[in-house]
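Colleague: Handing you this structure, nothing more for now.
Bear in mind these aren't lab numbers, they're just calculated from the coordinates by the rules spelled out. Keep in mind it's a predicted model, so treat the numbers as computed, not measured. Here the Cβ is made from the backbone with ideal geometry for all residues, glycine too, and neighbour counts use every protein chain on show.
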Amino acid sequence: MVMLSVITAVLNDLEGLKRTYESLSLINVPYEWIVIDGLSDDGTVEWVYQIDMMNIKIISEKDDGIYDAMNKGVRLANGEWLYFLNAGDFMKIDVGYVLAKGRCVDVISGRVELYSSNLVSLNEYHPSFNGRINGMVNSNCIAHQGSFINKKVFCRFGEYKIKYKVQGDFEYWIRLMYSDAIFLFLSDVVAGFVVNGASSNVKSFYGAENERVNVLLEYGAVKWHKSLILKFRAFLSLCFMLVRRVLKVMGE
């Protein structure tokens, strides 16, 4: 039977980490839980150490962003399959069912359901993706919360680039697609994603979109004139989001 490594990055989100931990009960294959803490001071580390669980690893040290933390998890992992489920997000599927479909593929990717910060479903789902580069130009990135990656992928194609602070996973998917990695896309909902992370709030929206366009430029997926259009569209989207927020505040 295959072994799974669940990698969780956390920084001062004890309640979110507890929610993530509780969802691990859905795992019905051998697994280990690797917690990468960025020097939390809210009791996170102390709570993890008191968990009565043999298959748990934790390191707590300063990192250079979330993708640096995720890379540390990759290096510690012993599983055949790696699954990045960061603090606050939670599993929603029978893992054995998913991994059973993973013969002869590099990545198994399903959908994620979006939740508000108070855990109310937004009735929105991260779209499945057909694995074509041109679709990545206009589509949201494949979610790491919905994806299982064979560890051999990291040996073949390297780790996440930490120069990207919120779109490192987007860059990784592009890299794999250009390298002819084999994807299997499922319509099943794999996880719940709480929309309050670094790449999902208004403040960082424009920066995240700029990073996304820079990734596409790096791999030649768009030309420079197309990149200007995409960045301008991101700017207009940001303005629209800010106007909606102001109108909402004025109406309260």
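Colleague: When DSSP beta bridges are limited to those with both residues in the stretch 4-198, what percentage is antiparallel, rounded to the nearest 5? List each step's numbers first, then the result.
Modeller: Values: 10 of 34 bridges.
Of all bridge pairs located within the stretch 4-198, approximately 30 percent are antiparallel.
Colleague: Now for a different question. Using the Karplus curve 6.51 cos²θ - 1.76 cosθ + 1.60 with θ = phi - 60°, work out ³J(HN,Hα) for each residue of the stretch 26-42 in order, rounded to whole Hz, and write x for Gly and Pro.
Modeller: Here the 3J(HN,Hα) series is 6, 7, 10, 10, x, 8, 10, 10, 10, 9, 10, 9, x, 6, 5, 10, 10 Hz.
Colleague: Let me ask something additional. Using only the Cα atoms of the stretch 4-198, build the gyration tensor, take square roots of its eigenvalues as a ≥ b ≥ c, and label the shape rounded, prolate or oblate: rounded if a/c is under 1.5, else prolate if a/b is larger than b/c, else oblate.
Modeller: Here the stretch 4-198 falls in the rounded category.
Colleague: Right, something else. For S40, enumerate residues with amide H under 5 Å from its amide H, sequence gap 5+ or separate chain, H modeled in the peptide plane.
Modeller: Under 5 Å from the amide H of S40 lie the amide H atoms of N12, each far enough along the sequence or on another chain.
Colleague: May I pose another question? Show me 38-51, 82-95 ranked by packing, highest mean number of other Cβ atoms within 10 Å first.
Modeller: Sorting 38-51, 82-95 by mean packing, highest first, produces 82-95, 38-51.
Colleague: Under the Karplus relation 6.51 cos²θ - 1.76 cosθ + 1.60, θ = phi - 60°, what is the ordered set of whole-Hz ³J(HN,Hα) values for the stretch 11-19, x standing for Gly and Pro?
Modeller: Along the stretch 11-19, the couplings run 8, 6, 9, 4, 5, x, 5, 4, 5 Hz.
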